[in-house]
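*Asks:* First the structure, then my questions, so here it is.
A short reminder: the numbers here are calculations on the coordinates, not readings from a lab. Note that the structure is predicted; figures quoted are calculated from it, not measured. Positions of Cβ are generated from backbone atoms using ideal geometry, with glycine treated the same way; all protein chains shown enter the neighbour counts.
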Amino acid sequence: MPQHAAAPAAPAAPLLADGGARSLPGTEASRRLLAPEGDARPLTLWGSSSMSSEGGDAATPLTVRIHEHLALALAPAVVHAYGVGATRSPHTVLMRGLDTPHLALLGDPAPGTGQVPVELDSGLTPAGPLRIPGDLSGVPGMLDGSSGSWLFAPDDPAASLEAGTFRSSLATVAEGSRQVLWMGKNNIHQVERVLEDTQRMWDAAADPEHDTLVLGQWATPSDPVGSATAEAVAQVSAEQQRRYGDHFLDLGELLTSESGLSCPPLAPLRLLEQATTHAALEQGIVPADLRAPDDIHLNGWGNLAVSWAIVRRLRELRWL
């Protein structure tokens with residue numbers, strides 16, 4: 001479920017002896033070196049279960065969550081993690097507040113909560129544990145699809161609800177933020193829809209040419225070279241590479257190439273010395289040592305490699 005990521009705690013600082021500048025330690029130059037005044041713009045992560053690092057508790061001694069690594073790398077900037085499992089690209093657009101559907105009320109408010117079943121005029125159905133804070137015609141509340149049906153619960157159970165427009169309040173959170181998009185995996189066969197929804201997210205950034213990093217999808221054992229899914233992933237990746245250039249990071253290439261599998265975080269695994277790895281590469285799929293037990297998510301090692309690749313690209317883009 002979407003949650004606001006907490007800002008990393010600020011380190012404690014010694015109290016000034018007399019409150020004056022004379023008590024500051026070191027020189028002005030050394031203070032700038034040790035505490036640079038960097039760009040502290042927030043970063044918002046959008047997508048589905050890969051973006052929420054599902055599977056990151058497998059294989060590694062400690063759970064590896066991508067948003068936690070990015071929060072450390074970008075501190076003191078805030079990282080908002082809005083990856084929600086099982087969602088499709090239209091859900092991400094709805095979360096971002098780019099779609100503002102009309103909600104029809106399908107019943108009476110529940111006693112005590114004011115929660116009402118609703119239907120979106122867009123026809124979009126719920127997916128996964130999706131809960132979106134926002135307002136229904138000015139009444140703040142939560143659009144909740146986690147039960148498999150849409151419900152709207154007002155923050156004030158006594159509030160009077162009428163059919164009207166829903167707008168996600170996450171649009172306000174994302175305003176002025178840079179963003180990382182890892183969206184469309186669950187509807188990748190809808191190639192044009194994934195490309196369109198990703199482009200809408202790109203265009204919504206404060207500075208569309210500079211504020212977004214788009215991540216490419218990767219192939220599971222069910223998606224070998226020649227399969228419909230592999231073809232769809234290849235089409236989407238090729239077009240996004242063409243559109244976004246350095247602002248596209250091909251994670252499929254990272255996780256299915258000899259250079260990617262020998263990157264620093266994966267070097268200790270010596271993946272290229274294993275016959276199973278080369279068998280996976282021949283099929284164009286991610287090796288088993290980087291997959292979670294369900295074979296559809298990355299494990300801790302896979303997430304570690306992805307985190308490393310994202311941070312490296314953020315440095316190249318001068319976001320860090």
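*Asks:* With n ≥ 4 as the cut-off for DSSP H runs, can you work out [θ] at 222 nm for the chain, using -39500 (n - 2.57) per run divided by the number of residues, rounded to the nearest 500? All intermediate terms of the calculation are to be shown ahead of the outcome.
*Replies:* Details: 10 runs with 93 residues, N = 320.
Computed ellipticity for the chain at 222 nm equals -8500 deg cm²/dmol.
*Asks:* Taking θ as phi - 60°, what are the ³J(HN,Hα) couplings along segment 97-103 by the Karplus curve (6.51, -1.76, 1.60), each to the nearest whole Hz, with x for Gly and Pro?
*Replies:* With coefficients 6.51, -1.76 and 1.60, one gets x, 7, 9, 10, x, 7, 9 Hz.
*Asks:* Compute the distance in nm between two label points, each set 7 Å from the Cα along the Cα-to-Cβ direction, one at residue 283 and one at residue 155.
*Replies:* 5.0 nm
*Asks:* From the phi of every residue in segment 48-63, what ³J(HN,Hα) in whole Hz does the Karplus formula 6.51 cos²θ - 1.76 cosθ + 1.60 yield, where θ is phi - 60° and glycine or proline is x?
*Replies:* Karplus-based 3J(HN,Hα) across segment 48-63 equals 10, 5, 4, 5, 8, 6, 4, x, x, 8, 9, 5, 8, x, 10, 4 Hz.
*Asks:* From the list (i) 34, 31, 18; (ii) 39, 27, 17; (iii) 30, 24, 19, can you say which value of semi-axes √(5λ) of the Cα gyration tensor in Å was derived from the structure given?
*Replies:* (i)
*Asks:* Moving to a separate point now. For segment 100-169, which semi-axes, largest first and in whole Å, follow from the square roots of 5 times the eigenvalues of its Cα gyration tensor?
*Replies:* 16, 13, 11
*Asks:* Tell me which residues come under 5 Å, amide H to amide H, from residue 164 once H is placed; ignore anything under 5 positions away on its chain.
*Replies:* Amide H to amide H, under 5 Å and 5 or more residues apart or across chains, residue 164 pairs with 103.
*Asks:* If a/c stays under 1.5 just call it rounded; otherwise compare a/b with b/c (prolate if a/b is bigger, oblate if not). Do that for segment 227-320, with a ≥ b ≥ c from the square roots of the Cα gyration tensor eigenvalues.
*Replies:* The shape class here is oblate.
*Asks:* Order 283-295, 237-249 from most to least packed using the mean count of other Cβ atoms within 10 Å.
*Replies:* The peptides rank, most packed first, as 283-295, 237-249.
*Asks:* Please state the relative contact order of the chain as a whole percent: Cα pairs under 8 Å, 6+ residues apart?
*Replies:* Answer for the chain is 20 percent.
*Asks:* Which FRET efficiency, nearest 0.05, do residue 273 and residue 110 yield, Cβ-Cβ r, R0 41 Å?
*Replies:* Working from the Cβ atoms, E equals 0.10.
*Asks:* Given the Cα-Cα distance of residue 294 and residue 75 and 0.36 nm per residue of separation, how much length would full extension add, in nm?
*Replies:* Numbers: separation 219, 0.36 × 219 = 78.84 nm, distance 3.27 nm.
Value of the extension gain: 75.6 nm.
*Asks:* Using DSSP to call loops (not H, G, I, E or B), can you name the GluC sites (Glu not before Pro) in segment 140-227 whose Cβ has at most 14 other Cβ atoms within 10 angstrom?
*Replies:* On the way: sites: 162, 175, 192, 196, 209; in loops: 162, 175, 209.
Passing sites in segment 140-227 are 162, 175, 209.
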